[in-house]
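First up is the structure itself, then whatever we jot down about it.
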Amino acid sequence: MNRPRRKHLEVLAELVPPGGKRTVDIGCGDGALVRALARRGAAAVGLDPGLEILRKAVAQDGPSCGFAAATGEALPLADGSVDLVIFFNSLHHVPVEGQSRALAEAGRILVRDGWLYVMEPLAEGAYFELVRPVEDETAVRAAAYRAVRDAIETGRFREVVEREYDAPVKHPDFETFRQRIIDVDPARATAVAALEDALRAGFADAAEPVDDGFGFWQPSRVNLLRSGGP
């Protein structure tokens, strides 16, 4: 399938400009997206259940942002207090049995007609195949998409647009890539150590040399929804 090549932030800014919006990034990781949103004028907060990755987020230089430990299924925010909720490569990391609850929580904290932006990587492409031996996310990514479609079909959200594109993924070197896939889920560390030689060889074979590092193209899907039902 031929998809346009787009940067994630370009797509987000085109579909729902973050400037002036009270914004929550659920599963924020090291806070890179939160800081980017703040630079674009959003009042941005990042939530993540991982205490170690949150420490990295707080330690980064950049615009003033808020960070807190929380799961997607239990958001520490008031009803109707947010304009934009983002799941950026994170809904599939919510346990499958909790994904619908996480979307319901997003609806709870959103103002009526608020925006829900769900970006998920598709289970295909060279980058997915490289990481797949560490953890095959085919099933959880499919479950996350079903949870989004169910939220639309049951009337919890209204669909605005669904869009697919290929997004660049860049790492300065193999060691950065290795740490990144562990940061996403520290439980992967054992598998990464056992597979390190194969991962290193696969990285060298599949990555494209780019400025300041090595790159891949990750097939991605965005679902943009609005809260409040029909």
Counting only residues that are closer than 12 Å to Arg221 by Cβ and of a type in the set (D, E, K, R), which one in region 123-146 is farthest from the chain's Cα centre (by Cα)? Glu124
Of all residues in region 173-226 being closer than 21 Å to Leu51 by Cβ and polar (S, T, N, Q), the one that is modelled with the highest pLDDT: Thr190
Would you check which residues across region 57-95 are in a loop (DSSP other than H, G, I, E, B), over 14 Å from the mean Cα position of the chain (by Cα) and touching a residue at least 60 places away in the same chain (Cβ under 8 Å) and list them? none
Single condition Arg108 does not satisfy, out of (1) out of contact with any Lys or Arg (no Cβ under 6 Å at 6 or more places or on another chain); (2) surrounded by fewer than 22 Cβ atoms within 10 Å (Cβ to Cβ); (3) assigned to a strand (DSSP E or B): (3)
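If we keep just the residues of region 1-56 that are charged (D, E, K, R) and assigned to a loop (DSSP other than H, G, I, E, B), which is surrounded by the fewest Cβ atoms within 10 Å (Cβ to Cβ)?
Going residue by residue through region 1-56, those that are charged (D, E, K, R) are 3, 5-7, 10, 14, 21-22, 25, 30, 35, 39-40, 48, 52, 55-56.
Subset that is assigned to a loop (DSSP other than H, G, I, E, B): 3, 6-7, 21, 30, 40.
Numbers: Arg3: 15, Arg6: 18, Lys7: 11, Lys21: 20, Asp30: 21, Arg40: 18.
Among those that are charged (D, E, K, R) and assigned to a loop (DSSP other than H, G, I, E, B), it is Lys7.
Kindly indicate whether Gly98 is part of a helix (DSSP H, G or I) and modelled with pLDDT of 95 or more. Lay out the reasoning, then the answer.
Numbers: part of a helix (DSSP H, G or I): yes; modelled with pLDDT of 95 or more: yes.
Considered against the rule, which asks whether it is part of a helix (DSSP H, G or I) and modelled with pLDDT of 95 or more, Gly98 comes out as yes.
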Filtering region 179-230 down to residues that are in a strand (DSSP E or B) and free of Cβ contacts under 8 Å to residues at least 24 places away in the same chain, which residue is farthest from the chain's Cα centre (by Cα)? Pro209
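Being surrounded by 19 or more Cβ atoms within 10 Å (Cβ to Cβ) and within 14 Å of Asn89 (Cβ to Cβ) is the filter here, so list the residues in region 115-124 that pass it.
Just the residues of region 115-124 that are surrounded by 19 or more Cβ atoms within 10 Å (Cβ to Cβ), to begin with: 115-121.
Passing the criteria: Tyr117, Val118, Met119, Glu120, Pro121.
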Give region 127-177 a look and list any residue that's surrounded by fewer than 15 Cβ atoms within 10 Å (Cβ to Cβ), of a type in the set (Lys, Arg) and in contact with a Gly (Cβ under 6 Å, 6 or more places away or on another chain), or say none. none
Would you pick out the residues in region 199-230 that are more than 25 Å from Ala142 (Cβ to Cβ) and surrounded by 14 or more Cβ atoms within 10 Å (Cβ to Cβ)? Arg200, Phe203, Ala207, Gly213, Phe214, Gly215, Gly228
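The values are calculated or read from the model by the stated rules, or taken from the named source; none is laboratory data. All of these numbers come straight from a predicted model, not from anything done at the bench. Positions of Cβ are generated from backbone atoms using ideal geometry, with glycine treated the same way; all protein chains shown enter the neighbour counts.
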